[in-house]
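Structure, as structure tokens:
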Amino acid sequence: MDSKFYITTPIYYVNARPHIGHAYTTIVCDTIARRQRMLEKDTYFLTGTDEHGIKIERAAEAQGTTPKQLADDVSNAFRATWDRMEISYSDFIRTTEDRHKTRVQHLFRVLRDNGYIYKGSYSGQYCVFDELFVDSAGPGEPCPECGRPTETVTEENYFFKLSAFEDKLLKYYSDHPTFIQPDTRRNEVIAFVKGGLRDLSVSRSTFKWGIPVPDDPEQVIYVWLDALANYITALGYGESDPKKREKFDRYWPADVQVIGKEIVRFHCVYWPAFLMAAGLPLPQRIMAHGWLLFEESKMSKSRGNIVRPDTILEVLGADAMRYFLLREVVFGQDGSFSFDALVQRFNADLANDLGNLASRTLTMIGRYFKAEVPYPQAKAALTEADVAIGELADKTIAETNRLFDEYQFSKALETAWGLISAVNKYIVENEPWTLGDKSDNDSRSRLGTILYTSAEALRIVTALAYPVIPKSAEKIWTQLGLGDVRKVRLDQLKWGQLEVGTKLGKVEPVFPRADKSAIEKMQKLEEENKPVAAAATAEPAGTGAQAGQPATQAAVPAAPAPATAGVTPSSGKITIDDFAKVELRVAQVKVAERVKGADKLLRLEVDLGYEQRQILAGIAKAYEPEQLVGRKIVIVANLAPRKMRGLESNGMLLAASLGEEGKPVLASFLEDVPLGARLK
Ligand code: MSP
């Protein structure tokens, strides 16, 4: 095994207990890791917890505990959940471990010695929720990423010369077109870097919960520098003893680093710049996935709409959750979770399709062939239907492998399940049970062929599905009388490898059907486990709203029709009076949410200072609702109300329209402006 594969998950903040959004990332990585092992790659799979920073310090304070205690509790909870979920990680790193701390300090020294760190003073806004310096926000303004209020920070800090990497990064992205995937994320990153990079403050002096800056213990290292470094510290980066550094020398650079889309900037801009500055190679690929939504909005603790993996594990087991998430979510895009959909998928695909194929095939071999895999007929005697299954199986192997390699998990599973459906249909059409009692040679050999064909297809599908549903696949594999499913070489899998005479194991149902009570049970478990109180000040469940704004509920203005202002046909120009008819005003977003069944629309409640009103805007593809809350925007305030999707829109917001797709970018102000101010 001389080729290696190194894969990482982000490390999870310890201010929130694991929910299935976290589980999703981890399951994706686990599936990739398991597949790579079945391709004979020496695979190293890293996960862990991100335990420093002001966000954690405050969360601990809010819970009346110490940061260390909170970190221990939650980190243990993550690890325990990963274990229950059959996550085959090679190492679980905690950023409070000594091995991490000393190696991060080493990295800091290297960056400093290489001339990329200097001391300066920072005065600006900081978003505690994102642990992000927000250069674009003024005092009192919300974070453009999450909409939460920012805090003004004035400190003497160490700075990293991020600005020195603008051109180098852009060149790297262009020389390595698959470095950032999918392309939408890549384009966003390129646009961000092209917009200019400012040096980054990489230390903080106003709190203590972090790794001390070497030679300046008054300062702690910025939590994102600390956290990103985990990907190399876990391997032994920074150790001079070759034995301790062995893994780093073997596995770095990572082959793929999987992240959620909200942390793309940290991984695709800061992280590569740190690595370049340290003279280290960059990861082969950063792969960003979408969000798991629950009832249309991002699952997150602050919104209180989380589902805990434990709930599903308890009622349906790990494989149900793993299969559902990979089958239902199109990798790279947002996906929805609901208990109904979970149970439906479980019953249809696992209990019915795969479960039935396994139980009827294995039971009949047990009954009619003393639990030994029977002979199929010679090639010439096979029917068209027998041959078709063999051919479909080989095609399915190739196609499923390709799709998995492209991280198209949903399609890969759909393809593999296509074979299951075909075989189930084949069994029904060939009615092997009608041949069971007949002892003539023809009937026996037909029966043997049908059951061999079914069992061989079952073997193939089980091997292909193993990385997604390891426990169940292992059970089926054992019932098929085969050894260790992990030993299968996926790139060598092909039709006809099942040996005649293989003695089956004990046949038992693998996926007992779930009924309605499963949904109720899960809902009940979630209710019982609802967090008592929001933990951190970093997560105000609401808004970046400014204090003291009167929020009068009110009336609906009536006025002219949609968008395009009056253009006089003769000259193409309008008079000042024409323009004066359009009442443009500053409003602040108080509430933003998706509209069910309309993937482009957001429903906003905006405050004009003198009244609040509802507006529907077609910007859902460009903005996440939580990004907007607290933000000041410009609206046409005297537009006639209009109904969309049964909801009334009382105004229209202004946005620039970019590119062919007309991507909206909201109009906004650099200076602070009072609500209701008129634009003229
Ligand atoms: N600690 C940072 C990452 C540092 S990596 C050097 C962090 N932690 S997090 O716990 O907030 O989120 C970690 C990851 O969990 C996200 O990037 C994403 O992969 C996953 N998810 C968290 N919520 C999610 C959803 N609702 N849906 C899908 N994935 C989500 O960011």
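The values are calculated or read from the model by the stated rules, or taken from the named source; none is laboratory data. Please read these numbers as outputs of a predicted model, since none were measured by experiment. Here Cβ is always computed from backbone atoms with ideal geometry, including for glycine, and neighbour counts include all displayed protein chains. Note: areas computed on protein heavy atoms with side chains; ligands, DNA, RNA excluded. Shrake-Rupley method; radii C 1.70, N 1.55, O 1.52, S 1.80 Å.
Taking Lys68 as the anchor, which lysines have their alpha carbon closer than 17 Å to its alpha carbon, excluding any fewer than eight residues away along the same chain?
Correct list for Lys68: Lys55, Lys101, Lys208.
With every protein chain left in place and a probe of 1.4 Å, what is the accessible surface of Ser240, to the nearest 10 Å²?
Rounded to the nearest 10, that gives 100 Å².
With both partners inside the chain, how many of the DSSP beta bridges are antiparallel, as a percent to the nearest 5?
The antiparallel fraction comes to roughly 70 percent.
What's the angle, to the nearest 10 degrees (0 to 90), between helix 384-405's Cα axis and the longest principal axis of the chain?
30
Name all residues of the stretch 57-72 having a backbone nitrogen under 13 Å from the label point set 7 Å from the Cα of Asp83 along its Cα→Cβ direction, giving them as ranges.
No residues fall inside that zone.
To the nearest 20 Debye, how big is the dipole of the chain about its Cα centre, given +1 on the beta carbon of each Lys and Arg and -1 on that of each Asp and Glu?
Using only the charged Cβ atoms, the result is roughly 460 debye.
Please compute the Kirkwood hydrodynamic radius of the chain from all pairs of different C-alpha atoms, in Å with one decimal.
Taking the inverse mean of 1/r over all distinct Cα pairs, the chain comes out at 28.1 Å.
Which percent of the accessible area of the chain is formed by carbon and sulfur heavy atoms (probe 1.4 angstrom)?
51
Could you pull out every residue, at least 5 positions away or on a different chain, whose amide H is within less than 5 Å of the one on Phe159? Hs are placed 1.01 Å off N in the peptide plane, and Pro or chain starts have none.
Hits under the 5 Å cutoff: Tyr118, Lys119, Gly120, Val202.
Can you work out the FRET efficiency for the pair Asp135 and Lys494, with r the C-beta to C-beta distance and R0 = 51 Å, to the nearest 0.05?
Step by step, r from the Cβ atoms, then E = 0.35.
When the solvent-accessible surface of protein heavy atoms is calculated with a 1.4 angstrom probe, in what order do His106, His52 fall, highest first?
His106, His52
Taking only pairs that are 8 or more places apart or on different chains, how many Lys pairs in the stretch 307-453 have Cα atoms under 23 angstrom apart?
8
Projecting each Cα onto the charge dipole of the stretch 346-492 (Lys/Arg +1, Asp/Glu -1 at the beta carbon, about the Cα centre), which of Asn356, Val373, Ala393 comes out farthest on the positive side?
Value computed over the given set: Val373.
Please work out the C-alpha center-to-center distance from the stretch 36-76 to the stretch 1-35 and express it in whole Å.
13
How much accessible area per residue does the chain have, counting only protein heavy atoms and a probe of 1.4 Å, in square angstrom?
Per-residue accessible area for the chain comes out at 43 Å².
Through the Karplus equation 6.51 cos²θ - 1.76 cosθ + 1.60, θ set to phi - 60°, convert the phi angles of the stretch 317-323 into ³J(HN,Hα) values in whole Hz; use x for Gly and Pro.
These are the phi-based 3J(HN,Hα) values: x, 4, 5, 4, 5, 4, 4 Hz.
When the helices in the chain are scored as -39500 (n - 2.57) per DSSP H run of 4 or longer and the sum is shared across all residues, what 222 nm value do you end up with, to the nearest 500 deg cm²/dmol?
Counting only the DSSP helices, I get -11500 deg cm²/dmol.
Can you put Lys516, Lys68 in order of accessible area, largest first, using a 1.4 Å probe?
These residues rank, largest area first, as Lys516, Lys68.
When only the heavy atoms of the protein chains count and the probe is 1.4 Å, how do Glu57, Glu526, Glu51, Glu262 rank by accessible area, highest first?
Glu262, Glu57, Glu526, Glu51
Can you run phi through the Karplus equation (6.51, -1.76, 1.60; θ = phi - 60°) for the stretch 144-160 and list ³J(HN,Hα) in whole Hz, with x for Gly and Pro?
Along the stretch 144-160, the couplings run x, 7, 10, x, 7, x, 9, 10, 7, 10, 10, 8, 8, 9, 8, 10, 9 Hz.
What ranking do 130-139, 442-451 get when scored by the average of other Cβ atoms within 10 Å per residue, highest first?
Put in order of decreasing packing, that is 442-451, 130-139.
So what J values fall out for the stretch 590-599 if you push phi through Karplus, 6.51 cos²θ - 1.76 cosθ + 1.60 with θ = phi - 60°, rounded to Hz, Gly and Pro as x?
9, 9, 9, 8, 6, 9, 3, x, 10, 6
Might you list the cysteines of the chain that have no disulfide-compatible partner by the rule of another cysteine's Cβ under 4.7 Å?
So far as the 4.7 Å Cβ criterion goes, Cys29, Cys146, Cys268 stand without a partner in the chain.
So how strong a dipole does the stretch 346-492 carry about its Cα centre when Lys and Arg Cβ are +1 and Asp and Glu Cβ are -1, to the nearest 20 debye?
The calculated dipole for the stretch 346-492 is roughly 440 debye.
For Lys663, put the label point 7 Å out on the Cα→Cβ axis and report which residues of the stretch 590-614 keep their amide N under 20 Å from it.
In the stretch 590-614, the label zone of Lys663 (backbone N under 20 Å from the point 7 Å along Cα→Cβ) covers 599-602.
For Trp433, what accessible surface area do you get with a 1.4 Å probe? Give it in Å², rounded to 10.
Near enough 110 Å² of accessible area.
Taking the full set of protein chains and a 1.4 angstrom probe, give the accessible area of Glu328 in square angstrom, rounded to the nearest 10.
Result for Glu328: roughly 70 Å² accessible.
What are the aspartates and glutamates whose alpha-carbon lies under 15 Å from the alpha-carbon of Lys663, with same-chain residues fewer than 8 places away excluded?
The reachable aspartates and glutamates, counting only those whose Cα sits under 15 Å from Lys663, are Glu188, Asp599, Glu624.
For a Förster distance of 51 Å, can you work out the FRET efficiency between the beta-carbons of Lys194 and Thr434, rounded to the nearest 0.05?
That gives a FRET efficiency of 0.15.
Among Ala320, Leu601, Gly147, whose Cα lies farthest out toward the positive end of the dipole of the chain, if unit charges sit on the beta carbon of Lys, Arg (+1) and Asp, Glu (-1)?
Highest projection toward the positive end goes to Ala320.
Relative to the first principal axis of the alpha-carbon coordinates of the chain, what is the inclination of helix 355-368, with its axis defined by its Cα atoms, in degrees from 0 to 90 and to the nearest 10?
On a 0 to 90 degree scale, this one is about 10.
Calculate the FRET efficiency for Ser205 and Leu679 from the Cβ-Cβ distance with a Förster distance of 41 Å, rounded to the nearest 0.05.
Efficiency computed from Cβ-Cβ geometry: 0.50.
Roughly what would the spin-label model give for Lys171 and Leu382, points 7 Å off Cα along C-beta, in nm?
5.6
What angle, in degrees between 0 and 90 and rounded to the nearest 10, separates the Cα long axis of helix 67-84 from the longest principal axis of the Cα atoms of the chain?
Approximately 30 degrees, to the nearest 10.
Cα to Cα, under 25 Å, and not fewer than 8 places away if on the same chain: which lysines meet these conditions relative to Lys581?
Of all the lysines, those that pass the test against Lys581 - Cα under 25 Å, at least 8 places apart if same chain - are Lys573, Lys632, Lys643, Lys680.
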